[in-house]
Amino acid sequence: MLPLPKTPLTMKKVTWFLEDELPTHIKQLNAEHQPKWGKMNAHQMVEHLILITKVSNGEIESDVFAPEEMIAKGKRHVFQYKNPFPKDLRSPVTPEEPADPAFPDLETAKVAFHKELTQFFNHFEGQPDKTVNHPLLGPLTFEEWAFFHTKHYSHHFAQFGLMEREITPN
């Protein structure tokens, strides 16, 4: 495990994580990895990440399900607070039980995840102010989605022991 920089979360650090660090962690993940918490196995976790990445890259359109005051509170938690996501946090827009995998195996899902992440970068290329709805955080720009993905992906990588802890804003 590489140590995380102990600097505030900046776009430079987000880019480092998404482009350099994330591929290393995904490559290390295998079906033998067991979660430290939660119900998902490694394959289900990757498919969970694929789904939210498809929302961020515009492939899946999402309504906003949270009222304005919840959006503001959620954005503060994700973008300002140094606290990690709670370990057993379940989004109100996700099912109680993990979904059955759509891909036949973990390796195929990992390839699909890389494709969706590339599509995320392509979707916003040259349009830094473009927004795409997050179901609970409302419209997010590329930078906001990138910060969210960094915190969210690292939360799940910590869940499966690929990182010592989640990357947080401070």
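Table for the structure above
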read-out	value
Matching residues in the stretch 72-103 - criterion: being free of Cβ contacts under 8 Å to residues at least 60 places away in the same chain, farther than 19 Å from LEU51 by Cα and open to solvent by less than 60 Å² (accessible area, probe 1.4 Å)	ALA72, HIS77
Top-ranked residue of the stretch 33-81 - restricted to ones that are of a type in the set (Ser, Thr, Tyr) and in a loop (DSSP other than H, G, I, E, B), ranked as farthest from HIS155 (Cα to Cα)	SER62
Counted residues, the stretch 102-134 - those being β-branched (Val, Ile, Thr) and under 27 Å from ASN41 (Cα atoms)	3
Residue list for the stretch 12-32, filter: part of a helix (DSSP H, G or I) and surrounded by fewer than 16 Cβ atoms within 10 Å (Cβ to Cβ)	LYS12, THR15, TRP16, GLU19, ASP20, PRO23, THR24, LYS27, GLN28
Residue among ASN30, ASN83 that is more than 20 Å from PHE142 (Cα to Cα), polar (S, T, N, Q) and either within 15 Å of the chain's Cα centre (by Cα) or at pLDDT below 90 (or both)	ASN83
Test: ALA109 is under 21 Å from ASP63 (Cα atoms), open to solvent by less than 30 Å² (accessible area, probe 1.4 Å), of a type outside the set (Phe, Trp, Tyr) and part of a helix (DSSP H, G or I)	no
Lone unmet requirement of (1) modelled with pLDDT under 95; (2) surrounded by 12 or more Cβ atoms within 10 Å (Cβ to Cβ); (3) out of contact with any helix residue (DSSP H, G or I) (no Cβ under 7 Å at 6 or more places or on another chain) for ALA66	(3)
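The values are calculated or read from the model by the stated rules, or taken from the named source; none is laboratory data. Being a predicted model, the structure only gives us computed values, none of them experimental. A quick note on method: Cβ atoms are made from the backbone with ideal geometry, for glycine too, and the neighbour counts reach across all protein chains shown. Surface areas here come from the heavy atoms of the whole protein model, side chains and all, with no ligands, DNA or RNA. Shrake-Rupley method; radii C 1.70, N 1.55, O 1.52, S 1.80 Å.
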